[in-house]
Structures are given as structure tokens and as C-alpha cells.
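Engineer: Have a look at this one.
The values are calculated or read from the model by the stated rules, or taken from the named source; none is laboratory data. Keep in mind that this is a model prediction, so the values were computed, not measured. No Cβ is skipped: glycine too gets one built from the backbone with ideal geometry, and neighbour counts run over all protein chains shown.
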Ligand SMILES: [Zn+2]
Ligand SMILES: [Zn+2]
């Protein structure tokens, strides 16, 4: 019987053996950025890579066009571990969230585990989850039962610091559209109804409301349509908002109050309002599995990598991995790839995501992921602890009740 330490060493070696290919894969994704649900080339590169490395690949997993799943089976029945990838970029600024590295880490980790899977019980699923930046690929996959057979799930995100995990904000994307009536803005303004005023009044209402919100609540938006000429009263205006809070329950309350701000603006301006809350944009708050996150940190340290403590006042965004963490034990650690303080979604972060240092660090993170996956397949006590921790959070209300 081979022990998990030897298996781990072999998995690490298998990742090292592919390092040049993995870095090439990451740089190729970085060089050809595609936004959410349009990641056709990226998904093709990743699925081809998995197939060439012995995975049975399903493209368009669960009918989500740019999702995929690569499967590999162990020597006997056992748990199913999912290692997730993301590969969508941001509009205009490319891979400024470094998802090329997420794809590389997930694929590398899966290849490492696959190398020793013949000696393990259980199964490995390398799941490609598109459109994390607002489109909610994981939300769609959760809804379609894409994780129904999965026991634990894991991925790793690049950052300016290395952390075993942190929570994230629950969020929704909301579009508001105002309909008015066009008229000459100088000659007959009284004959018009100004749709842009509806949008501007919404921003003013939201700004007035901020004082009465909990500090972690976030409401932020942009105007995507505000008229076509200064001498025409705008008959149509649109804004896109993101509404977030620390937990789902409060986030839903903030969302209701945000919609009331828009309704108030419509009443004040005499415009008609259409509100669209995007179906796949309902991101749950992330609840990292502590036993699995601790393992990842321990493996990173054993690989000679520092892991920083998570602070109480961590700044956070939202991730659709939150939705996965609400249905099964999951981890979403962070690997430092840029100078501390480099903001995400910046061109500086995008440039950092293509450096040799970033790829060196990401390879360590991939190895630690592979080692956690091997632990989950071999150490039933760890799996039990992860499950108990998950159920415990459910009783605390941090994980939602069963649907
Ligand atoms: Zn991201
Ligand atoms: Zn992002």
C-alpha cells in the first residue's frame, strides 16, 4: 500500500513534468482574453489539454456553452473531488483578474492527481466554470445539477497576498431602464419626459441611502445609456448596478431597498421603469471549508511557501464559488502573484498575471491543491470533518438551509 506522502510526491512530480506546457497554456489564455460566456477558444484550449492528458472530456457541460468537465476514475468507488477552473477575462482590460492562472492551477492540479489516481479510491472531476465576472457560470451549473455527484470542490485565485481563504460578499447584478418621451430640449422641454433624470435620481437616492446601510454593503453602478444628443430630452436611459452585502439575507433586503430607490426616481420623474435582476448573477457569500483550507495552507508551508493570516477586516468582492460553497465543502484560497496592495481588476494586476514569478507561485498553489485533493480521496476522517464543519455552519445560518 502506497502512503499518501509518496502519492503526493509523485503528483507533484507529474505537475513539474508539465510545467512548461502549463505555463504556455496560461500565457496563451492571457494573450487571447475572452469575456464571460464567450470563452470558446479558452475552453477549447483547456479541454484539448485535459484530453491529451487522459481525461474523458464533456464539452458544453450541462448545456452551458463554454463549460466543460473532464473525468478520471480511481481504482475503486469513493468520494468525488472537483477541481475547478475559471478562464473569463474582463471587458477592455483583459485578464486583469488573472483567471488564466486559475485555469492553469486547476488544470495542473488535476493532472497531478490523475497521475496517481489508479491507486486511489474515488473520482476526480476537472470542471470548467465560465463567466465568473458577473455571468455566474457556477450559478448555472449548480442549478443544472452540475455538482450533484461532487463531495468537495476546490480552486485557487490569484491575488496580491497568499491566503488560505476568506469570505466573499453575496451579490446581484441589476439593470434599470427608464422610459420617457423625447422632445426638443430647448423649444419644447415641457413636452418631454426625461429618462436620464430617472437614472440620475436613482444614483441620488442610493447615495442618500448609504448612511443607513451596514458598512460592508456595496451598491455601485454605471450609466450605459443616457441619451443621444444634448438638444433631445432622452427618451431612454439605462444603468447597470451591483448590489452586495456580507450575507444573502441582508443582501436581499438591500436589493429591495435599491429597487425602491429606482421606483422612487421613476415616480418623481414620471418615467416608466424596468428592473432586471439577472438570473445567474445571484452570488452567495463564500463559506470556505476550514478543515480543507487548513490542509491547503499546511501543504503550501511544507512546499516552502508562506501563507499569510486572514485579517478580520479583509476587503472582498464576490465570487460564484460562494454558490458552490453553499451546497458542499469548498475552498477558494488565494495565491500572491503581485506586489502587496496591487488592486485586482487593474492593468497592473493584468500585467502581473503574465510574469514568470506569478507562474512560479501558481505552480506551488496547484501542487497544494493536488495534495488536498489526494488527502480528500485517502483520508476519510478529513472528509468527515469537512462535512461536519459544513453542517455546523448550516446550523449557524452561514450556510443556507437545504433547498
Ligand atoms: Zn476573479
Ligand atoms: Zn474579478
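Engineer: Name the residues in the stretch 164-174 that are under 15 Å from the mean Cα position of the chain (by Cα) and part of a loop (DSSP other than H, G, I, E, B), would you? Reasoning before the result, please.
Structural biologist: In the first step, residues of the stretch 164-174 are kept if they are under 15 Å from the mean Cα position of the chain (by Cα); the result is 165-173.
Those that are under 15 Å from the mean Cα position of the chain (by Cα) and part of a loop (DSSP other than H, G, I, E, B): 165, 166, 167, 168, 169.
Engineer: Report yes if some residue within the stretch 71-86 is in contact with a strand residue (DSSP E or B) (Cβ under 9 Å, 6 or more places away or on another chain) and within 14 Å of ligand 2 (Cβ to nearest atom); otherwise report no. It would help to see each step written out before you state the result.
Structural biologist: First pass over the stretch 71-86, keeping only residues in contact with a strand residue (DSSP E or B) (Cβ under 9 Å, 6 or more places away or on another chain): 71-86.
Of the ones still in play, those that are also within 14 Å of ligand 2 (Cβ to nearest atom) are 86.
Checked against the condition, which is being in contact with a strand residue (DSSP E or B) (Cβ under 9 Å, 6 or more places away or on another chain) and within 14 Å of ligand 2 (Cβ to nearest atom), the stretch 71-86 yields at least one hit.
Engineer: Pick out, from the stretch 297-402, the helices (runs of 4 or more DSSP H) lying fully within it that include 3 or more residues that are in contact with a helix residue (DSSP H, G or I) (Cβ under 9 Å, 6 or more places away or on another chain) and in contact (Cβ under 8 Å) with a residue 40 or more places away in the chain.
Structural biologist: Because the criterion is at least 3 residues that are in contact with a helix residue (DSSP H, G or I) (Cβ under 9 Å, 6 or more places away or on another chain) and in contact (Cβ under 8 Å) with a residue 40 or more places away in the chain, the helices (runs of 4 or more DSSP H) in the stretch 297-402 that meet it are 321-325, 356-378, 380-396.
Engineer: Then there is this: Looking for whichever is out of contact with any strand residue (DSSP E or B) (no Cβ under 8 Å at 6 or more places or on another chain), assigned by TED's automatic domain parsing to the domain that holds residue 12 and either within 14 Å of ligand 1 (Cβ to nearest atom) or more than 24 Å from residue 19 (Cβ to Cβ) (or both) here; the options are 320, 389. Which one fits? Before the answer, list the steps.
Structural biologist: Working: 320 fails: out of contact with any strand residue (DSSP E or B) (no Cβ under 8 Å at 6 or more places or on another chain).
Result: 389 is the single residue among 320, 389 that is out of contact with any strand residue (DSSP E or B) (no Cβ under 8 Å at 6 or more places or on another chain), assigned by TED's automatic domain parsing to the domain that holds residue 12 and either within 14 Å of ligand 1 (Cβ to nearest atom) or more than 24 Å from residue 19 (Cβ to Cβ) (or both).
Engineer: Quick one: is residue 286 touching a residue at least 60 places away in the same chain (Cβ under 8 Å), surrounded by fewer than 23 Cβ atoms within 10 Å (Cβ to Cβ), within 16 Å of ligand 1 (Cβ to nearest atom) and in a loop (DSSP other than H, G, I, E, B)?
Structural biologist: Details: touching a residue at least 60 places away in the same chain (Cβ under 8 Å): yes; surrounded by fewer than 23 Cβ atoms within 10 Å (Cβ to Cβ): no; within 16 Å of ligand 1 (Cβ to nearest atom): yes; in a loop (DSSP other than H, G, I, E, B): yes.
Against the criterion (touching a residue at least 60 places away in the same chain (Cβ under 8 Å), surrounded by fewer than 23 Cβ atoms within 10 Å (Cβ to Cβ), within 16 Å of ligand 1 (Cβ to nearest atom) and in a loop (DSSP other than H, G, I, E, B)), residue 286 does not qualify.
Engineer: Taking the stretch 77-100 on its own, how many of its residues are in contact (Cβ under 8 Å) with a residue 60 or more places away in the chain and more than 10 Å from ligand 1 (Cβ to nearest atom)? Before you say what the answer is, go through the steps one by one.
Structural biologist: So the first thing to find is which residues in the stretch 77-100 are in contact (Cβ under 8 Å) with a residue 60 or more places away in the chain, and the list is 78-86, 90, 93-100.
With the extra rule that they be more than 10 Å from ligand 1 (Cβ to nearest atom), the set shrinks to 78-85, 93-94, 100.
Total satisfying the criteria: 11.
Engineer: In the stretch 42-72, what residues are touching a residue at least 24 places away in the same chain (Cβ under 8 Å) and at positive phi? If you could, list the steps in order and put the result at the bottom.
Structural biologist: Going residue by residue through the stretch 42-72, those that are touching a residue at least 24 places away in the same chain (Cβ under 8 Å) are 42-43, 46-47, 49-50, 53-55, 61-72.
Residues satisfying the conditions are 54, 62, 63.
Engineer: Can you say whether residue 298 is in the same structural domain as residue 15 (by TED's automatic domain parsing), buried (at least 16 other Cβ atoms within 10 Å of the Cβ), more than 16 Å from ligand 1 (Cβ to nearest atom) and over 22 Å from residue 168 (Cα atoms), as far as the supplied structure shows?
Structural biologist: Criteria met by residue 298.
Engineer: Of the numbered conditions (1) over 24 Å from the mean Cα position of the chain (by Cα); (2) within 24 Å of residue 345 (Cα to Cα), residue 260 fails exactly one; give the number of that condition.
Structural biologist: All conditions are met except number (2).
Engineer: On to the next question. Just to verify a result, which residue in the stretch 315-344, among those that are exposed (fewer than 13 other Cβ atoms within 10 Å of the Cβ) and under 19 Å from the mean Cα position of the chain (by Cα), is nearest to ligand 2 (Cβ to nearest atom)?
Structural biologist: Taking the stretch 315-344 as the starting set, the residues that turn out to be exposed (fewer than 13 other Cβ atoms within 10 Å of the Cβ) are 315, 339-341, 343.
With under 19 Å from the mean Cα position of the chain (by Cα) added as a condition, the list becomes 315, 343.
Details: 315: 13, 343: 11 Å.
Restricting to residues being exposed (fewer than 13 other Cβ atoms within 10 Å of the Cβ) and under 19 Å from the mean Cα position of the chain (by Cα), the top hit is 343.
Engineer: Here is a further query. Among 386, 352, 376, which is the only one that is within 16 Å of ligand 2 (Cβ to nearest atom), modelled with pLDDT of 95 or more and surrounded by 16 or more Cβ atoms within 10 Å (Cβ to Cβ)? It would help to see each step written out before you state the result.
Structural biologist: Values: 386 fails: within 16 Å of ligand 2 (Cβ to nearest atom); 376 fails: within 16 Å of ligand 2 (Cβ to nearest atom).
One residue alone meets the criteria, 352.
Engineer: Okay, next question. Is the stretch 154-163 home to any residue that is within 16 Å of ligand 1 (Cβ to nearest atom), assigned to a helix (DSSP H, G or I) and buried (at least 23 other Cβ atoms within 10 Å of the Cβ)? I'd like the intermediate steps shown before the answer.
Structural biologist: Here is the first cut: in the stretch 154-163, the ones within 16 Å of ligand 1 (Cβ to nearest atom) are 154-163.
Next, from what is left, pick out any that are assigned to a helix (DSSP H, G or I): none.
Within the stretch 154-163, not a single residue is within 16 Å of ligand 1 (Cβ to nearest atom), assigned to a helix (DSSP H, G or I) and buried (at least 23 other Cβ atoms within 10 Å of the Cβ).
Engineer: Follow-up. Report, by residue number, each residue of the stretch 117-146 that is away from ligand 1 (no atom under 15 Å from the Cβ), within 22 Å of residue 104 (Cβ to Cβ) and out of contact with any helix residue (DSSP H, G or I) (no Cβ under 6 Å at 6 or more places or on another chain).
Structural biologist: Within the stretch 117-146, 117, 125, 127 meet the criteria.
Engineer: Only one of 170, 239, 148 is under 30 Å from residue 67 (Cα atoms) and free of Cβ contacts under 8 Å to residues at least 12 places away in the same chain; which?
Structural biologist: Numbers: 170 fails: free of Cβ contacts under 8 Å to residues at least 12 places away in the same chain; 239 fails: free of Cβ contacts under 8 Å to residues at least 12 places away in the same chain.
Result of the check over 170, 239, 148: 148.
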